[in-house]
Amino acid sequence: MKDRIKEQSIIFFEKKGFSETSIQDIVEALNVTKGTFYYYYSSKEQLLMEIHKEYIDDLLQRQQKIIDSGESQNAKLKGIIHLLISDIARNGDSGKVFFREMRHLADDNATEIKKRREQFRFNIEEVIREGAENGEFKQQLQPDITALAVLGMTNWTYQWFNTAGELTADELAEQYSSIILHGINMRNGG
């Protein structure tokens, strides 16, 4: 039931927004009582926090597998791009809630999520830094700015990407990888 509440909440939060969704909306859609909701969650904000934690923790765990793969930094960065785009394709509604509704978290919860998000960004910076140091990427790159560029490009995808559209998630990830990697790859000059 806890997972069903979370899944139904994500649907409502994505369609109506966090503020416009009531606990009553959620329990009516599931045909359960408010008591059932409160058995699993103390508040709607606690539920939102759990959605955020699960989303970012899953991404961090999968990102770490890519980083630990022993592949080149080029392959790692490409893998992270694919991770982000495939995740948006697979978990689009959760992604929208993650990016749009964070402003509704209490300050201490928002701080905790921001730290996790910063870790994800820092991990990308490290891949870029190591790639520049070993000659895979241009040495004059600023890893922090480049990581923000990667995240800006990929994270905005949740706003417009349609899994039934012209491109598959893999095709889009390949295009993004090409744009990013050809811009920073040492073999392309610089």
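The values are calculated or read from the model by the stated rules, or taken from the named source; none is laboratory data. All of these numbers come straight from a predicted model, not from anything done at the bench. Accessible surface is based on the protein model in full, side chains and every heavy atom, while ligands, DNA and RNA are left aside. Shrake-Rupley method; radii C 1.70, N 1.55, O 1.52, S 1.80 Å.
Points worth noting:
- The chain, accessible surface, carbon-and-sulfur percent (1.4 angstrom probe): 47 percent
- Between region 4-62 and region 80-134, the alpha-carbon center distance in angstrom: 20 Å
- Taking amide hydrogens as placed 1.01 Å from N in the peptide plane, the amide H of F137 sits under 5 Å from those of A132, M186, each at least 5 positions away in sequence or on another chain.
- Taking S94, S177, S22 as the candidate residues, the one with maximal mean-square fluctuation in a Gaussian network model of the chain, Cα springs under 10 Å, is S22.
- Cα-based shape type of region 128-182, given that a ≥ b ≥ c are square roots of the gyration tensor eigenvalues and the cut on a/c is 1.5: prolate
- Shape call, region 52-190: gyration tensor on alpha carbons, a/c limit 1.5: oblate
- Computed with a 1.4 Å probe on the full set of protein chains, the accessible area for M1 sits at about 70 Å².
- Most mobile listed residue (G35, G79, G17) in the chain, GNM with C-alpha springs under 10 Å: G35
- The residues of the chain have, on average, 52 Å² of accessible surface per residue, using a 1.4 Å probe with all protein chains present.
- Candidates E101, E45, E28: whichever shows maximal mean-square fluctuation once the chain is modelled as a Gaussian network with Cα springs under 10 Å: E28
- Gyration tensor (alpha-carbon) shape descriptor, region 64-111, a/c threshold 1.5: oblate
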